[in-house]
Amino acid sequence: MELKLGLKVHDADNVATIFAEGIEKGAEIEVRDQHGQAQRIAVLNDIPYGHKVAIEDISKDTLIKKYGEEIGIASHDIVKGEHVHVHNLDSMRGRGDLEGGRK
Amino acid sequence: MNFRGYVRNDGKVGSRNVVAVIPSVVCANDVAQAVVRQVQGTVGYFHHQGCCQLPPDLKRVTDTLISLGLSPNVGAVLIVSLGCEGTDHDRMLKEISASGKPVEIIRIQQLGGTSRAIQAGIDAAQSLVLKISSLQREEVDLSNVVMAIKCGGSDATSGMASNCVIGYISDKLVDLGATVVFGETTEFIGAEHLLARRAVSETVGNKILDIVEQMENRALSVGCDMREGQPTPGNIAGGLSSIEEKSLGAIAKSGSRPIQGVLDYADRVTDHKGLWIKDTPGREPEILTGMACTGAQFMCFSTGRGAPQGFPSMPVVKICGNPLTYEHMQHDMDINAGKIITGEKSIAQVGEETFAMIMRVLNGEMTKNEALQYFGSIDIHVLGPVI
C-alpha cells in the first residue's frame, strides 16, 4: 500500500481513481492505465481513498468519463490534478430538481 | 459439476432445510417471533406489509410470501394469520401446499388470542421441524442452482474489484447451465444502454429500458436531486459522485452473458436458465426478499464500505472489494477481493477462490452472516401508499 496509485480504467477516461490513503495537496501519484502505462500527476487537493482526480483539464459543461462512459458533467472548470467529486461533477440523471428532469 | 442439496417434492433443490414461519401480515409478527424463538430449525419472515394497502400491493405481498414459501431452501411452512388482514392467506396455504411441502396455518383471532396462538404455533412448528429434520442431502447437477447477486455499501473499489469477481462467477455459473439473477434497477440508471445491448431480443431490451425509466420517474416525481438518496451518503464518502458512476460499477457484477428476460418483484425463476434481471430497488431488505423469491439457494453480495446484512433462509456470501474494510470487518466479510486493488491477486484468482467457497456453502458450510444470525434483512417492496 506504499505506492500512491491511481487507476485510469478506460482510454476515454478523463479521471482516475486513487487507491491510496493520505494523499495530500502537492503529493505526486502514479496513474496507471489498462495497458500498464503510467503517468505522474501532482494532486492539487487532499484526496481521500477511492476518490477521483482529473487527469486532464476539464472545462465546465464537459462530460466526465470513467469506464469509458459518462458519469456526469463538469459544473465548474476543473484542472488536471484536481479532486473530482460532487462539488464539481453534476449528475445528469434522477434530477427532479431541474426542469425537464435531466441535463 | 455437482453439489449436495435437499431435493424437494417439486424437483427444486435447496442448500438449506428450514421451516419458514410466515406472518401473513405485520400484525402477526409478535406471535411468529415467539414461535421462532422457541423452535430450533425455524426462520421467520418478519415483514411490515399485508393490510390497508391498495389491491395491487396486497396481491404483490401475497405473491411474495408464496414465492418465499416455495423457496427450495424451505422444507416446510407455518403461516401465521391474524384473521382480518388484506392478504389472501387461503391462497398462500393452497399454492404452497401444491408444491408437496408440509404447510400448517394458525389463525390468531380464531384461536382466542396471543398466548393460545403462540402455543398452537410452537406445537405446529415443532411437528414440522421433526418432519423435515431427517432429510438427507443428495448429489445433484449444478444446473439446479439459482444464484442471486447484489452490491451494497458500495465504494469506488466495488466496481473495480468485488463486482468484477461476481461478474466472473456469474459467467461461470451461466456457462455451467445454472441461473443467475441480478436486480437493483435504480443502479442501472446511466448504464441501461449497456444492459439493453446484451438482451436476447429487442423486446427484452426495451423492457430493461422501461423498468429503468419507471424507476427514474419515481425519483423525478419527488422534484429533487436524487443524489444522497442514491448514491447514498456512504457511497459519496467512498468516492462515488453520481448514480451514473455507481451504476456503471454495479453492472460489472452481471458479467457478460446475454440477458434472457426481466422478472417482476415476486416472480420465481422458470426452467429457462441463464442470466436474468429482476426489477427491484437497491435497499437491502426489499431486494434480499425479492431475490429470495426467485428461488435462489444463495446470494453473492459485493461491498466496499462493509455491509453485514443477510436473509433468514438464503446464505449471503460477502465479497469485500476494499482491502481496508476487509481488515476492519473480517468477521462479516467472507472473501477479500481487496487483494485485486492492492495488486496481489487477479479477478480470476479471487473468482476461483469465491467459486470454491460457493460450492462449500451450497453443500452446507455457513457464511459469516449465517453464523452470526445477522439475517433480519427482510421486507416487501410495495409501490402504493399505506391507506
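Data table
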quantity: Qualifying aspartates and glutamates (Cα of each under 16 Å from Cα of residue B:12; at least 8 residues distant if same chain); calculated: B:95, B:138, B:139, B:141, B:267, B:271
quantity: Largest-first principal axis extents, alpha carbons of chain B, Å; calculated: 60, 50, 42
quantity: Residue-averaged 222 nm ellipticity for chain B, from DSSP H runs of 4+ at -39500 (n - 2.57), nearest 500; calculated: -11000 deg cm²/dmol
quantity: Compactness of the protein assembly as shown - radius of gyration and Dmax, Cα, Å; calculated: 23.5, 75
quantity: Where only C-alpha atoms are counted, convex hull volume of region B:121-167 per residue in Å³; calculated: 144 Å³
quantity: Relative packing of A:82-91, B:164-173, which averages over residues the other C-beta atoms within 10 Å, highest first; calculated: B:164-173, A:82-91
quantity: Average partner coverage of A:67-74, which counts Cβ from other chains inside 10 Å; calculated: 6
quantity: Principal axis dimensions, largest first and in whole angstrom, of region B:68-222 by Cα; calculated: 55, 48, 33
quantity: Sequence-distant lysines (8 or more away, or on other chains) whose Cα lies within less than 18 Å of residue B:94; calculated: B:59
quantity: Highest-first arrangement of B:273-282, B:239-248, B:123-132, where packing means the average Cβ count within 10 Å; calculated: B:239-248, B:273-282, B:123-132
quantity: Label-point gap, in nm, between residue B:110 and residue B:365 - each point 7 angstrom along Cα→Cβ; calculated: 4.5 nm
quantity: Residue-count net charge about residue B:153 - beta-carbon cut-off 11 Å; Lys, Arg +1, Asp, Glu -1; calculated: 0
quantity: Dipole moment magnitude, nearest 20 debye, region A:1-59 about Cα centre, only Lys, Arg, Asp, Glu C-beta charged; calculated: 40 debye
quantity: Violating pairs (Cα-Cα greater than 26 angstrom) within the set B:150/B:368; A:25/A:65; A:80/B:253; A:52/B:253; calculated: A:80/B:253
quantity: Region B:1-26-region B:90-141 distance, computed between alpha-carbon centres (Å); calculated: 13 Å
quantity: Cβ crowding within 10 Å averaged over residues, with B:103-111, B:59-67 ranked highest first; calculated: B:59-67, B:103-111
quantity: Computed label-point distance, nm, for sites residue B:37 and residue A:42 using a 7 Å Cα→Cβ extension; calculated: 6.5 nm
quantity: Shielding score for B:218-230, defined as the mean number of other chain Cβ atoms within 10 Å; calculated: 4
quantity: Shielding of B:316-325 by partner chains, average beta-carbon count, 10 Å; calculated: 1
quantity: Theoretical FRET efficiency, 1/(1+(r/R0)^6), r = Cβ-Cβ of residue B:59 and residue B:202, R0 25 Å, to 0.05; calculated: 0.25
quantity: Simple Cβ-charge dipole of region B:144-371, Lys/Arg +1 and Asp/Glu -1, about Cα centre, in debye nearest 20; calculated: 340 debye
quantity: Separation of the residue B:373 and residue B:328 label points, Cα + 7 Å toward Cβ, nm; calculated: 2.7 nm
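We did not get these values from a lab; they are worked out from the coordinates using the rules stated. Not measured: the values here are computed from a predicted model. As a convention, Cβ positions derive from the backbone with ideal geometry for all residues, glycine included, and neighbour counts pool all protein chains shown.
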